[in-house]
1. Check off (1) loosely packed, with under 10 Cβ neighbours inside 10 Å; (2) touching a residue at least 12 places away in the same chain (Cβ under 8 Å) for LEU5 and give me the number that stays unchecked.
2. Out of SER23, SER11, SER42, I need the residue that is surrounded by 10 or more Cβ atoms within 10 Å (Cβ to Cβ) and under 16 Å from the mean Cα position of the chain (by Cα). Which one?
3. Quick test for you: out of LYS8, LYS32, pick the one residue that is touching a helix residue (DSSP H, G or I) at 6+ places or on another chain (Cβ under 6 Å), at negative phi and in a helix (DSSP H, G or I).
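Bear in mind these aren't lab numbers, they're just calculated from the coordinates by the rules spelled out. Keep in mind that this is a model prediction, so the values were computed, not measured. Positions of Cβ are generated from backbone atoms using ideal geometry, with glycine treated the same way; all protein chains shown enter the neighbour counts.
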Amino acid sequence: MIGHLILKMQSMLMLTEANGMFSVEMDYQRTKAVLGSDVVQSAVGTARQREQAIEEQRYAVRRKHDRGAK
C-alpha cells in the first residue's frame with residue numbers, strides 16, 4: 001500500500017517537472033519569436049560563458065584550498 005502511494009507521488013512529481021520544463025521551453029520560443037533567433041542565441045551564449053567563468057573561479061578556489069590543506 002505504501003509503495004503504491006510512493007510510486008504515485010513520484011509520478012506526480014515527474015509530471016510537475018515535465019510541465020515546468022514545457023513552460024520554460026514555451027517561454028524560450030516566445031522570446032525567440034519576439035527578439036529574433038540571433039539575439040536569443042547570443043544572450044544564451046553570453047550567459048553560458050559567464051556561468052563557465054564562475055565555475056572555473058570556484059574550481060580554482062577549491063584547488064587553492066586543497067593545496068593549502070596538504
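1. (2)
2. SER23
3. Details: LYS8 fails: touching a helix residue (DSSP H, G or I) at 6+ places or on another chain (Cβ under 6 Å).
That would be LYS32, the only listed residue that is touching a helix residue (DSSP H, G or I) at 6+ places or on another chain (Cβ under 6 Å), at negative phi and in a helix (DSSP H, G or I).
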